[in-house]
Structure formats: structure tokens, C-alpha cells
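Since the structure comes first, as C-alpha cells, the remarks are kept for the end.
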Amino acid sequence: MHILSLKHITKHVLIENIPDPPEFYLPLYGYKGVLKTIVETGQYVKKYELLAQAEDLFSTAMHAPASGIIEGIEIIEGKPHLKLVNDFKETAIDLPLQKSVQLEPAAILEILKQYGIEGSGGARFPTHLKYNLRNEDVDVFIINGAECEPYLTADYALMQNKTEALFKSIISIQKIIKAKKVVFGIEKQNKELVTILKAFYSLCDFPVEIKLLPNTYPQGGELQLIKSITKKELPKGSRPLDHRIVLSNIGTLWAIYNALFHNKPYVERVITLSGEDAVKKGNFYVKIGTPVSHLFNLSASKKERQQIVLGGPMMGKAVTDYKSPVTKGTGGVLILPEIQNEKYNCIECGYCANACPQRLMPMEFARYAKTENTTQLLSHRLLDCIECGACAYICPSDVPLMRSIYHGKEILQNTIAL
Amino acid sequence: MNLNPHIKAKKNSVSAIMFDVIIALVPLVLAAYAAFGFTAIWLITTAVITCLVTDFLFNALYAKKYNSFLDGSAIITALLLSFTVSPLTPWYVVAFGSFCAIVFGKLLWGGLGKNRFNPALLGREFMTAFFPIMSTAAIWSTNSIRNIKDFHLFANDSLLGMYSNNLVFKTTGALGEYSMLFIVLGGLYLIIRKRISWHIPFTILTIFLCGTWISSAYDLELKYSIAGMVLGSIFMATDMPSSPNGYPGMLYYGSMIGLVSIFFILGNVRFEYLSYSILLLNGFTPFINQIFRPRAWGEKVDYAVKTEKIFLLTLAIITVALAIITLHYYDFIKYLIYIYIVYITFKFNFSFIKNIHNPI
Ligand code: SF4
Ligand code: SF4
């Protein structure tokens, strides 16, 4: 399905800095589970200091984005966040210096783990686990440059302006995974990147390719991207590594570069600030934990019936509490007018089924989630839904498709758990 | 709280879809006016007003929805219904048909989008069942009231010229059938606007024309109106709620309509062959949707099982078609309509009314 890309708004602006917020709310949750804080309320912490970590299988870490005082844990939208009051002194701790070029694979993985590097596309899977192979061969290392969400251009800006950094990052990762080739997947609408990327091929001692992808939504979805690049149609839930594929997101590469070459833990990322109701628009370096209220105050033309969306307009989450922060998986913050719903009956137009990247029949989810018919929900393969929102975007009747999908999945989870 | 997505496709609401269909139908109203003047306009207006009033009253009474009659679907039903009748049809018959189309064809199913059958065609069957005059040949002798006899865009002296003139304007048949050109243009407009897809009309017409061609090889002369076929396959068979919603399903559905209409014509169904075929396949649409469910991402499909299901479905459709030919022969179709009335009224009272506020 084609959707309006709205990227031109922020596509060709450079990445800029914005002032840090007076308070940070650092998310104490990651891919799975909760991070344990290792600092106390009232404690003074320096920039880059380790604040919390999880020691389970999916271990990852959270560092201070600025120096200041810890003010305890606050629950925002049902999730714990560590509040840090910025003293704007930027007193940083000394981190042991690395000689990144000479690092061994094991040492690189250790840095990724210590510095809290996570997937930046949304799911926030710990990166050191992703690259930690057990003798598997990797055929292709896919760089996900398909930012298929409208408005978002953060990855585009990185590819355009930080190309060398991204390549350095790729070369370091290649030391670990040794993929036979590296393929950039970028959308046709961004084909001007091809020449920029090609200029750096010479740095690599492995083959690099660029694959131009159609401008359809959701091209950046993991399964859709893998199909476009390798022709393999992986069922949902299967591990790309089992098919000798490793994927990484542009934002993740940037975080890896900062960790390996600038000795910086993951405390900052690039996001796009945009949206119909945003005044200040562009791509910005933003600290993890920056509450959206800070960005809203910088950018919004305040109006009635506005909403702030963390992430893209299709899959992002509308915040109810403006303290909600930018996380390591947030690619953008959008200020959008609330959409008005039409609310007609489903007219069986089939638009939703045609738009569905997973080739499901979303109207059936609406039908059977209402009656809580788990057999039908399963046989219509609700669990294959990737929650991309394409069906609800196109539905002319505004049938509550997403509500049914989430509700249906909840029912299924409960029945499976029983 | 608002769930994702936070943007919507523009100009894509139900009323926008309905408006597009109306745009595609308006030229046919003009052609009807050219052919039969105010007689035609009067019938069409009767249908539109009856449909709107019925829709409003019923929705206000049962669903407490006061503006849903404005969604445009009632107007489309009215136009399509009036397009299937002869200009000589008495106005009260059209009013009756329009009323039944809306009530028994749409509202008793629970409203917009929930109907299993095409309301306009159902309304037409109601007229035939309750007014025997509708199935006589007399109602089609329209020469006496014709407004302008013919209209010649091309010189009429060659075969090609005559043929082309007939495509542009030809004053025989039902109210919507006078201009093949406008029908096709309307269809193309809807395809370009993605309101219908080419699959259904294309397969109906291909299979149908193949069928007539094969029959002619056996010296069977088929009596049909090609403009009526095109009108029906573009505007009636593609009605969203009553037709399948995936492309493979549409191809199957279209082919079966084409095939079954040949059967009906061979079975001496004189005027109703297309509406019978469409209504028959409407009844099978949910099964078609089930069997032709698209293969989900990464799913492995057992094609042997699928083929068997398609085979059985085809068998069922053909059996029902033969049954209908028999009923038609003995003039029993009206009893089918009576049974339908009882069935749908019960269904509404005991089940559909509970879901009247459910969007699906
Ligand atoms: S949200 Fe789920 S059902 Fe809807 S289009 Fe995306 S994958 Fe398909
Ligand atoms: S897009 Fe909406 S109206 Fe159309 S079939 Fe899907 S749920 Fe029904």
C-alpha cells in the first residue's frame, strides 16, 4: 500500500542539537523485563554513569544522559521511569579508553553490552545478543534503511550526513558476524543516497550492495524487508538468524559507532520532530529520557485536540502523559491533530485485506474479537498480524480494527495461558 | 486512548465511495432522460425518494440513527433498481420495489454493509413476485412513449456506423441500458478510483461471451441484452457487501456468474437471468471468502484440500442454479421470496437487531 510519505518536510535538513531538558525520565524497561537501579534517590550522578541494568538473559543497561540528582522512580503510563534532575554542568565520568580498531569480536560484544546498545527500530532487542552467533554462518547482513513510516527522516539524515560513521560501524560488526555480503535496503524515494553510500564501498573488504525497495508501507517491517532482499518469506516468529540473515537498523549502527569510536554509552539518538501541528521541525540529537513535553514546548503550535505520538504515525504510540520520554527505540516525535472517526458499518470493501502486508483479513478480526471467538481468530491467523496499522489507515468506515486486533490478541494470550 | 495509526487516508470515507458510484451512474440517468424524457426521470425520482424516506424512517425507529440515510447508499440502490425496470413500469410498482429493496435487502440485515444480497436486485425480484405484469413482454413494448427515436453520432449508412451508434445510444431495454458508452465509462471511472476492481466485470463478461459463442456453435440462440449484462456486471455484481473481497475470490465469483447466467438463459429464464445469477452467487459469497482466503505471509497451503473445496462449492452452486431453473419453470420463485421475507424478519427480530450498533 502506498501512503503519503510527508518526508520532504524534514528530509534535507541537517541534524541539529536542541537544549537538554531540565528533567529526564529514564525508561527502566527494555526488550523484556525491568531494569534494576543501582543508584539511590538523592544521589548525585555524573554523565555516562551506569544507573540501572538487567542481569537476566536479555541484559542491557541505562546510563545517565547528563549530570544531576536522582529523584526516585516515577510511574508514567504504567511503567517505571527513573527521574534525573539536570544540573546542566555536564560533569562526565572518565570511561576507560578503547582502541576500537584493534578490538577483538568478544571485546566488541562486551562494549555493546556494557554501553546498553539496543535495537533502535522499536523492539529494542539487545544488540550484543543479536550478533552473538554460535558458529552460524551468515549469508547476508541487511542494513534496514527503509524508514517506511511517514514523516520520519532520522535514519535518512544519518545515512546522508554520517555515512562514514555508519560504514565504520558496519566494518566492526562484520568482524563479529562475517556475513558474506552486506546489503543496504533503501526506498526508491531516497535513491539519491545511492551515490553517497557508494563512495564508501572502498573502506570495506567485503561485498556491499544497495537494494532499492518499492515505496510501499510497511517496507521496513522485518519480514517484508527480508523478502524484498532475499526473496525468502519467513513466517512470523521465526528467527532471521536461522535463515542466515542478520538485520540492523541505521539508528543502531549510529549508537554502535558512538560506543566504539567515541566511547559513549547509548544516551543519545537522532529523532525526527515533525507533524502537522509542529512548528519547529527537523532531525535532532535528543537524549534518551527527554520527556515529550520538552519537545512539545519547543515545537508545537498549541491547539485543541492535539496529540503527541512517540514513533511514526502508523505504529507509534499516542502519549497520555506528556512526561513520557524518548526511548532507545523512538525514531520520532510527532505532533498531530487528533483524527476524527467516521464510524460507519464495515462495507466489506476489502481495502483492509488488500493493504495488509501479512495478507490477513482484518475485518474478520473485528467480527470475531467482538464475539470473543478464539477459534476463528486463530484460524484467521490473528497471531501473524504485525500491528502495522495499514488496515485501519485505509478503512473507509473506521471500523475499530486496531482495537479488535489488540483485544483479540489479549483474549488469545489469556486462553493460551490457561 | 487513541490507538495507532494516527493518520488516515484522505478522501476515502464511505460517503466518498458512495459519491463516486453516484457520479458514475449520473450519465445513465441522462441517457434515460434522452430516451424517455420525464417518464424516466419520474420513475427514477420515485425510487430515490422512496429509498431515502424508508432508510430514514427505519433507521430512526430501530437504530436511533438520524443521519445514516445520507451516506449515499440508498441513492445508489434506488438508481440501480430503477435502471433494471422498463420505462412503462407503473410508479407504485417502483415505489414498492424500492421500499422492499431497502427494508428487506439492507435494513433487516442490520444496515449498511451487512446485507448478504444486492438490495437493488432483491427489490426487483420483489416487484416481479408481487406484480405479475413485470414478467410480461407487454411491459417492454416501449415504442409508443419513446422521446427521441435514435441519436446518430456516426453516419448510419455503414454497418460500422450503425454499430457505433448503438453503442453510444440505443433505446431498447431497461432504463439503465440505453448507453453502453456511458456504462463503460462509469465502470472505468470506478476502476480508476479503486471503488471496484476489474476482476468481477471482466470474468463475468468473458465467461458469458465464451458461453454464447459455444452455444452458437450448437445452433442455440441465446436471448440476452448485452448492455444489461455490462450494466449488471459493472454496477450490481460488484456491490461491495455482497461480493467477495479478495481478487482470487472475485475471479471465481465472476466466472460463476457468467457461467450460471448462460445456464439460466438456456433454461428459458427470459428477463431475470442476470439478477438470478448475481443473487445466487451473493448467497455463496461468505463461502467464497472463506475458501479463497489469501495465503498469509509465510503460510503453507494444502492445495489439494483447497481444490477439493472449490470443486464442491462449484457443484453446490450449479445444483442451486438448476433448482432455480426448475422453480422458475413452475413459476414458484415468488414462494422463495415469501420464505425469504419470513426468514429475514425472524432473523432480524431475534438476532440482527442486537448487533445493529456493531460496525460489522
Ligand atoms: S495491523 Fe495487522 S491486520 Fe492490520 S494490516 Fe497490519 S498486519 Fe494486517
Ligand atoms: S476496510 Fe473497513 S470497511 Fe472495508 S472491509 Fe475492511 S473493515 Fe470493512
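Structural remarks
- In chain B, helical runs assigned H by DSSP with n ≥ 4 each contribute -39500 (n - 2.57); averaged across all residues and rounded to the nearest 500, the mean residue ellipticity at 222 nm is -20000 deg cm²/dmol.
- Across q = 0.12, 0.15, 0.18 Å⁻¹, the stretch B:161-234 modelled as identical point scatterers on its alpha-carbon atoms has Debye log10 I(q)/I(0) values of -0.38, -0.58, -0.80, in the order of the q list.
- The overall shape of the stretch B:1-63 is oblate: from the C-alpha gyration tensor, with semi-axes ordered a ≥ b ≥ c, the ratio a/c is 1.5 or greater and a/b is no larger than b/c.
- Computed [θ] at 222 nm, deg cm²/dmol, chain A (DSSP H ≥ 4; -39,500 (n - 2.57); rounded to nearest 500): -7500 deg cm²/dmol
- Rounded to the nearest 0.05, the FRET efficiency derived from the C-beta distance between A:Leu57 and B:Val320 at R0 = 51 Å is 0.30.
- Packing-based exposure ordering (other Cβ within 10 Å, fewest first) of A:Arg269, A:Arg244: A:Arg244, A:Arg269
- Evaluated at q = 0.08, 0.17 Å⁻¹: base-10 log I(q)/I(0), Debye formula over Cα of the stretch A:100-262: -0.20, -1.02
- FRET efficiency estimate (nearest 0.05) - Cβ-Cβ, A:Thr195 to A:Glu387, R0 22 angstrom: 0.05
- Put in line by how crowded their Cβ is, counting other Cβ atoms within 10 Å and starting with the fewest, B:Ile333, A:Ile186 read B:Ile333, A:Ile186.
- Normalised by the number of residues in the stretch A:1-108, the mean separation of alpha-carbon contacts (under 8 Å, six or more apart) gives a relative contact order of 25 percent.
- Simple rule: put +1 on each Lys or Arg Cβ and -1 on each Asp or Glu Cβ in the protein assembly as shown, find the dipole, and look at A:Phe141, A:Pro126, B:Leu231; the Cα lying farthest toward the positive end is A:Phe141.
- Short-range pairs are left out: with C-alpha atoms under 8 Å and at least six residues apart, the relative contact order of chain B is 18 percent.
- Under 15 Å from A:Lys328, Cα to Cα: aspartates and glutamates that are on another chain or at least 8 residues apart: A:Glu118, A:Asp155, A:Glu268
- Segment A:Ala107..A:Asn373, full-extension length gain: 90.7 nm, with 0.36 nm per residue of separation and the alpha-carbon distance subtracted.
- Sparse-neighbour loop sites [trypsin sites (Lys or Arg not before Pro); the stretch A:181-232; at most 12 other C-beta within 10 Å; DSSP]: A:Lys191, A:Lys231
- Point-charge dipole on Cβ atoms (K/R +1, D/E -1) for the protein assembly as shown, about Cα centre, debye to 20: 160
- At q = 0.06, 0.08, 0.09 Å⁻¹, base-10 log of I(q)/I(0) for the protein assembly as shown (Debye sum, equal scatterers on each alpha carbon): -0.49, -0.77, -0.90
- Furthest towards positive pole of dipole, A:Ala259, A:Gly237, A:Gly221, structure part the stretch A:100-262, Cβ charges: A:Gly237
- Prolate/oblate/rounded label for the stretch B:196-329 (Cα gyration tensor, a/c 1.5): prolate
- Spin-label model distance (nm) - B:Glu299 vs B:Tyr62, 7 Å beyond Cα toward Cβ: 3.3
- Among B:256-266, B:82-92, the peptide with the highest mean count of other Cβ atoms within 10 Å heads the list, and the full ranking is B:256-266, B:82-92.
- Largest first, the three principal axis extents of the alpha carbons in the stretch A:195-279 are 43, 38, 30 Å in whole numbers.
- Among A:Lys178, A:Lys130, the ranking by other beta carbons within 10 Å of each residue's beta carbon, starting with the fewest, stands as A:Lys178, A:Lys130.
- Under the span-like rule (Cα at least 15 Å along the axis, Kyte-Doolittle mean at least -1.0), DSSP H helices of chain A: A:163-177, A:250-261, A:401-417
- Our summary gives chain A a relative contact order of 18 percent, counting only alpha carbon pairs under 8 angstrom and 6 or more residues apart.
- Those Cys residues of the protein assembly as shown for which no other cysteine Cβ falls under 4.7 Å: A:Cys148, A:Cys204, A:Cys346, A:Cys349, A:Cys356, A:Cys385, A:Cys388, A:Cys395, B:Cys51, B:Cys100, B:Cys210
- Calculated FRET value between B:Arg193 and A:Arg305, using beta carbons and R₀ = 35 Å, to 0.05: 0.70
No value in this document is a laboratory result; all are computed from the given coordinates. Keep in mind that what you see is a predicted model, and the values were worked out from it rather than measured. Please note: Cβ atoms are built from the backbone with ideal geometry, for glycine as well, and neighbour counts cover all protein chains shown.
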